[in-house]
Amino acid sequence: MEALPGKGRARAGLLIVGLGTMIVPLDTSVNISFPDITTDFAIPIPAIQWVVVCYVLIYTSLMLAFGKLGDLFGYKRIFLYGLAVSALAFVLCATAPAFHWLLLARVIQGIGAALVLSCGPALATALFPENRRGRALGAYTMMFGIGAAAGPSLGGLMVQLWGWEAVFWFRLPITLAALAALPWLRPPQAQRRAGGFDFLGALLLAFGLGGLLLALNQLQAETLRGLAIAALGGLALAVFVRREIRAREPIIPLAVFRQLDFTVLSVFNGLVMLVGFAPLLLVPYFLVRATDYSLAVSGLILAASPLGQAVAGPLGGWLLSWRPWASRVALLGAVMVAVATIAMGTWDGRADIWRMSLPLFVQGVGLGLFQVCILVVVTGRLDVRDRGVAGSLAQVSRTIGVVLGATCLSLTYASLNRGALAGGQAAFEAFLSAFQSTFIYAGVGLLLCLAVTLLRPRLWFS
């Protein structure tokens, strides 16, 4: 193995990795362009969901397989391919002549995002000694949070000045800059995995994950179709697991899931992200219906949560480098998410900027702490030669939680809103009642799940 680079070179390398990775969380800028896209292509509003669905399904389904490719052939190479594919996708998205071409370009963008995300954490940790892994992952989480925080405000400015195409164009120079700097990056990598790549296993995994995520999306409108897709996806995953158990070089080392604390933390990664998605889903509607703040001010309020994540990244990395308390810090982060979510459920028409921004920021800090911990745990428990799969595993469980949140929270809110309207409440009162109850149910539900696991304290305090 090559000698580890000096501190200055390692930090510069981390900035390159962060710059390249940032193009993925900056995709939050696309949401602000939805009204312009629907108008430009003359499509019904419900059809705009496929701009998100195509992208999320693809990158979630492929990340683990691409992480394995990184373990076999080198993280830098896979990361470079991801930047190149993303650059092409941004051009294709921005120049799409019709809506179906835009969706195809979003599929290509999803492939690029999967390549980038699958090996980003592995590249970040390879730049530093093992005793600084927590700090490296904390800095990586911080840069991810900065991208997520900057996306909506940058997107709004770009759309206002140059139209919806700009939310793709402005990421092209960022991608090209990372590509230009990447040859300078020379991360050492532990001995690579030997053996071939299981293409059939990768296909089964992608089909299974993609099927389950698509089923969640379809359950809201077509229950029977959603159940059928879920059954096919579940069958594909079952065959995949059976194949992995017998494989000489499995894509995922399933033996790690025999460790109960590891499995519980992975499940909670999804649950925490499910609850953490509530502000992104419902707070924009609250800001429009219950306040008279401008779009600029509303964007700053919404940025409080990803800003909290950015702050929590290096803080969590420092805590974990000082004491190996990943499970305890993760528990603290999950409790912060739950309590802050309940606090959002107390908002009413008199909520001011600080009453809204503070719980959003606290929730963001909790999410950031939890994300650093899950990355530290999975990269620590899996073999150092499986860092690509480890980072991808954390990202996949996170994304599954987001998709679950979009489905479960939407269904909960819609049911509560219909019930309030049927009970004779006016439209605004029904909205406010459903909004408050959804947040309280989500926060209390997460606390109850945590309480159940605390019946076995060793899961968190060993």
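For segment 418-450, how many residues are of a type in the set (Val, Ile, Thr) and surrounded by fewer than 20 Cβ atoms within 10 Å (Cβ to Cβ)?
Initial filter on segment 418-450 (of a type in the set (Val, Ile, Thr)): 438, 440, 444.
This time we only want the ones that are surrounded by fewer than 20 Cβ atoms within 10 Å (Cβ to Cβ), so: 440, 444.
Counting residues in segment 418-450 that are of a type in the set (Val, Ile, Thr) and surrounded by fewer than 20 Cβ atoms within 10 Å (Cβ to Cβ) gives 2.
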ask   = What are the residues in segment 386-416 that are touching a Lys or Arg at 6+ places or on another chain (Cβ under 9 Å) and either not assigned by TED's automatic domain parsing to the domain that holds Val267 or not hydrophobic (A, V, I, L, M, F, W, C) (or both), if any?
value = Asp386, Gly388, Ser392
request  = Examine segment 299-320 for a residue that is crowded, with 24+ Cβ neighbours inside 10 Å, among the aliphatic types (A, V, I, L, M) and at pLDDT below 85, and state whether such a residue exists.
outcome  = yes
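Which ones in segment 23-33 are of a type in the set (A, V, I, L, M, F, W, C) and assigned to a helix (DSSP H, G or I)? Write out each step before concluding.
Within segment 23-33, the first condition is being of a type in the set (A, V, I, L, M, F, W, C), and the residues that meet it are 23-24, 26, 30, 32.
Selection gives Leu26, Val30, Ile32.
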key: Residues of segment 341-384 that turn out to be assigned to a helix (DSSP H, G or I), of a type in the set (Ser, Thr, Tyr) and either under 20 Å from Tyr441 (Cα atoms) or assigned by TED's automatic domain parsing to the domain that holds Phe144 (or both), as a count   = 1
query = For Ser397, are the conditions met, namely being of a type in the set (Gly, Ala, Ser), within 20 Å of Ala230 (Cβ to Cβ), in a helix (DSSP H, G or I) and touching a Ser or Thr at 6+ places or on another chain (Cβ under 7 Å)?
reply = yes
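Specify the residue that is nearest to Gln436 (Cα to Cα); the eligible residues are those in segment 279-299 that are small (Gly, Ala, Ser) and touching a residue at least 12 places away in the same chain (Cβ under 8 Å).
Applying the first criterion (small (Gly, Ala, Ser)) to segment 279-299 yields 290, 294, 296, 298-299.
Still in the running and touching a residue at least 12 places away in the same chain (Cβ under 8 Å): 290, 296, 298-299.
On the way: Ala290: 12, Ala296: 24, Ser298: 19, Gly299: 21 Å.
The selected residue is Ala290.
For the subset of segment 451-461 comprising residues that are of a type outside the set (A, V, I, L, M, F, W, C) and part of a helix (DSSP H, G or I), which member is surrounded by the most Cβ atoms within 10 Å (Cβ to Cβ)?
Within segment 451-461, the subset of a type outside the set (A, V, I, L, M, F, W, C) is 453, 456-458.
In the following step, the residues that additionally are part of a helix (DSSP H, G or I) were identified as 453, 458.
Numbers: Thr453: 18, Arg458: 9.
Applying the filter and picking the extreme gives Thr453.
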query = Could you count how many residues in segment 405-417 are surrounded by fewer than 21 Cβ atoms within 10 Å (Cβ to Cβ) and touching a Phe, Trp or Tyr at 6+ places or on another chain (Cβ under 8 Å)?
reply = 2
request  = May I ask you to list pairs of residues, at least six apart or on different chains, whose Cβ atoms are under 9 Å apart, with the first in segment 83-104 being touching a residue at least 40 places away in the same chain (Cβ under 8 Å) and the second being aliphatic (A, V, I, L, M) and surrounded by fewer than 14 Cβ atoms within 10 Å (Cβ to Cβ)?
outcome  = Phe99/Ala42; Phe99/Ala47
Output for segment 205-262, where each listed residue is farther than 20 Å from Val396 by Cα, of a type outside the set (S, T, N, Q) and in contact (Cβ under 8 Å) with a residue 60 or more places away in the chain = Leu219
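Hey, among Ala330, Ala334, which residue is farther than 24 Å from Val384 by Cβ and either among the acidic types (Asp, Glu) or in a helix (DSSP H, G or I) (or both)? Even if it seems obvious, please write down each step before you answer.
Values: Ala330 fails: farther than 24 Å from Val384 by Cβ.
Answer to the selection: Ala334.
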query = Exactly one of (1) under 26 Å from Ala434 (Cβ atoms); (2) crowded, with 20+ Cβ neighbours inside 10 Å is unmet by Leu265. Its number?
reply = (1)
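Could you count how many residues in segment 395-437 are of a type in the set (D, E, K, R) and either under 18 Å from Ser61 (Cβ atoms) or touching a strand residue (DSSP E or B) at 6+ places or on another chain (Cβ under 8 Å) (or both)? Spell out how you get there, then give the answer.
At the first step, the residues of segment 395-437 found to be of a type in the set (D, E, K, R) are 398, 418, 429.
Filter once more, so that each one left must be either under 18 Å from Ser61 (Cβ atoms) or touching a strand residue (DSSP E or B) at 6+ places or on another chain (Cβ under 8 Å) (or both): 398.
The total comes to 1.
The values are calculated or read from the model by the stated rules, or taken from the named source; none is laboratory data. Quantities reported herein were computed from a predicted structural model and do not represent experimental measurements. Here Cβ is always computed from backbone atoms with ideal geometry, including for glycine, and neighbour counts include all displayed protein chains.
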